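Where a number appears in this text, it was derived from the coordinates with a stated rule and is not lab data. As the structure is a computational prediction, the values presented were derived from the model and not from experiment. With ideal geometry, Cβ positions are generated from the backbone for all residues, glycine too; neighbour counts draw on all protein chains shown.
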Amino acid sequence: MNLKLKRCLLNPLLSPKPHHLWESRYVFNCAVIKRNGLFHMIYRAQGDDMVSRFGYAISTDGIKFNRLEAPVYGPASQWELYGVEDPRLTEVDGKIYMLYTAYSPNGVRVSMAATEDFIRWERFGVVIPDVNNKDAALFPEKVNGKYVMFHRIEPDIYLAFSDDLIHWDDFISIAGPREGYWDNKKIGVGAPPIKLDEGWLVLYHGVENTARPTYRLGFMLLDLNDPRKVLKRSEEPILEPEMEWEIFGGVPNVVFSDAMVEHEGKYYIYYGAADNHIALATIDKEVILEWVKT
């Protein structure tokens, strides 16, 4: 089965803007959510100060985005002295939550905020304070009465569980690197999971342990009632750096995604390319359903 993503012909969709000081150098890893017929994007950007901030862009077709001139979210605590990174958006119980990485001299921590309009944010701060942790994403609904979060304690993907979205425990490793594969160094979740009849469809990134590490994308399928169980996993990457702007950049040889949106019979997967640009790749939903049923 050809489980490969197809790049958008208009790639890259977003690139740095030299006259915007906060996004003059790098525009990359983004979260995207579709709501009321519009695609809302929160993306990571860096300027000359190399502090990561989040910008906001909006689209009617998921391809052509208009973005604001100023960031909508930036560092606001000692945990965020070096910036806010890699957002992921999930609508839970009618409210939009953003998990992201807070970066400071103390390391990286999973943090959370919520919004109704993508401009004004309710900050909850660090929600897993005791360990270096990142690559966090919320499930869109409770599983067995608990909220569920992906997170990454290197090199594995973990789950955590909560009654209130604030206090998290029961850290459980569900998947790790595979020797001899394209993801043999470390892995982390990509987009928040999508619920299918056959299980939870999970986009993830894997890193190969080579002299110059390469980031690629793959899929997992988790059990619907017990997401600790991995039912299936990509044998081959579904996307890897091939274009010049994916190979050369701020961090070479990287495709890294935080966003997967269902639209018109396809999954739109937005990714950062070499930490320089934002791009789009798609795959037919029918192909995914054939893969999960095989």
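At-a-glance table
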| read-out | value |
| --- | --- |
| From the coordinates shown, volume of the Cα convex hull per residue in Å³ corresponds to which of (1) 146; (2) 127; (3) 182 | (2) |
| For the chain, calculated [θ]222 nm from helices alone, where every DSSP H run of n ≥ 4 adds -39500 (n - 2.57) | -1000 deg cm²/dmol |
| Euclidean distance of C-alpha centroids, the stretch 96-153 and the stretch 245-263, integer Å | 21 Å |
| Inter-part distance where the stretch 183-239 and the stretch 3-77 are each reduced to a Cα centre, Å | 23 Å |
| Under 12 Å, Cβ to Cβ, from residue 280 - net charge with Lys/Arg +1 and Asp/Glu -1 | +3 |
| Within the stretch 52-91, GluC sites (Glu not before Pro) in DSSP loop having at most 14 other beta-carbon neighbours inside 10 Å | 69 |
| Amide H partners (placed H, <5 Å) of residue 143, local residues excluded | 148 |
| Gyration tensor verdict on the stretch 110-229 (Cα atoms; rounded if a/c is under 1.5, prolate if a/b is larger than b/c, oblate otherwise) | prolate |
| Cα-based shape type of the stretch 167-294, given that a ≥ b ≥ c are square roots of the gyration tensor eigenvalues and the cut on a/c is 1.5 | oblate |
| Pairwise Cα inverse-distance average, inverted: Kirkwood Rh of the stretch 50-148 (Å) | 14.4 Å |
| Amide H within-cut-off set for residue 62, under 5 Å, with H built and near neighbours excluded | 39 |
| Relative contact order of the chain, defined on C-alpha pairs under 8 angstrom at six or more residues apart (%) | 16 percent |
| Residues of type aspartates and glutamates that residue 285 reaches as a straight line, Cα spacing below 16 Å, ignoring anything fewer than 8 places off in the same chain | 197, 198, 262, 264 |
| Most mobile of 75, 87, 18 in a GNM of the chain (Cα contacts under 10 Å) | 18 |
| Net charge, residue 289 excluded, C-beta distance under 14 Å - Lys, Arg +1, Asp, Glu -1 | -1 |
| Peptides 107-113, 223-229 ordered by average Cβ neighbours within 10 Å, highest first | 107-113, 223-229 |
| From phi via Karplus (6.51, -1.76, 1.60), per-residue ³J(HN,Hα) for the stretch 44-52 in Hz, x at Gly/Pro | 8, 9, 9, x, 5, 7, 6, 8, 7 |
| Among 268, 26, 82, residue whose mean-square fluctuation peaks in a GNM of the chain (springs only between Cα atoms under 10 Å) | 82 |
